[in-house]
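Please read the structure below before turning to the comments.
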Amino acid sequence: MRGSKRKVVGAVGAVVVAVGLVASPVAAGYPGAGRCELAITEMSKGTYRVTNRCAPKNAADRATQIIVWGEDWPDLDDYLTSLPTSGLVTSFIVNGAVLNEDGASRDEVYLETRFQRPNNTYYTIKSNVIKRQFMPIF
């Protein structure tokens with residue numbers, strides 16, 4: 001009876017550990033594999049909340065800037081805007097015109113977050129791409 005109880009407790013502990021590893025997908029592979037996740041939600045007609053959640057390549061690195069890009073393969077991507085940041089989670093509200101990079105067709109928006117290492121060198125991490133029409137087609 002006692003041996004069975006230990007096996008059950010051990011199995012429950014393994015499940016808790018496994019769930020804990022899955023619970024933070026942004027930090028998967030950390031350290032060394034930085035990652036940023038972009039989410040864009042409509043707040044009201046034509047107004048959007050842009051949220052960027054990052055895990056740097058190293059815990060000592062700090063985010064300094066976010067650059068918003070419109071993806072335009074095979075052409076060069078469109079620079080849309082940039083802003084300073086100091087946190088790993090940044091959220092800001094923009095008019096859809098800022099995210100409207102393709103005129104009358106679907107937009108493809110992503111962010112690059114610039115990180116500074118303790119030795120004052122920099123690197124960027126590209127987020128996922130959000131594909132959506134941000135301005136209505138007339």
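The values are calculated or read from the model by the stated rules, or taken from the named source; none is laboratory data. None of these values were measured; they are calculated from a predicted model. Glycine gets a Cβ as well: all are built from the backbone with ideal geometry, and neighbour counts include every protein chain shown.
Structural remarks
- Test: residue in the stretch 105-123 that is in contact with a Leu (Cβ under 7 Å, 6 or more places away or on another chain), surrounded by 11 or more Cβ atoms within 10 Å (Cβ to Cβ), in contact (Cβ under 8 Å) with a residue 60 or more places away in the chain and assigned to a loop (DSSP other than H, G, I, E, B): no
- Residue match in the stretch 90-98 (condition: small (Gly, Ala, Ser), under 16 Å from ARG49 (Cβ atoms) and surrounded by fewer than 18 Cβ atoms within 10 Å (Cβ to Cβ)): yes
- Qualifying residues in the stretch 34-63 (those that are among the polar types (S, T, N, Q) and either buried (at least 20 other Cβ atoms within 10 Å of the Cβ) or over 11 Å from THR90 (Cα atoms) (or both)) - the one nearest to the chain's Cα centre (by Cα): ASN52
- Among (1) closer than 18 Å to TYR48 by Cβ; (2) modelled with pLDDT of 95 or more; (3) not β-branched (Val, Ile, Thr), the one test that GLN133 misses: (2)
- Hey, SER91 part of a loop (DSSP other than H, G, I, E, B) and in contact with a Lys or Arg (Cβ under 8 Å, 6 or more places away or on another chain) or not: no
- Scanning the stretch 124-138 for residues that are touching a Phe, Trp or Tyr at 6+ places or on another chain (Cβ under 8 Å) and either of a type in the set (Val, Ile, Thr) or surrounded by 14 or more Cβ atoms within 10 Å (Cβ to Cβ) (or both) gives THR124, ILE125, LYS126, SER127, VAL129, ILE130, PHE134.
- Meets criteria (assigned to a loop (DSSP other than H, G, I, E, B) and either farther than 13 Å from LEU38 by Cβ or modelled with pLDDT of 95 or more (or both)) for LEU76: yes
- Test: ALA63 is in a strand (DSSP E or B) and either closer than 16 Å to GLY34 by Cα or touching a residue at least 60 places away in the same chain (Cβ under 8 Å) (or both): yes
- Cβ-Cβ under 6 Å pairs, at least 6 apart or on other chains, the stretch 89-102 side without any contact (Cβ under 8 Å) to a residue 40 or more places away in the chain and under 16 Å from LYS131 (Cα atoms), far side among the small types (Gly, Ala, Ser) and assigned to a strand (DSSP E or B): GLU101/GLY70
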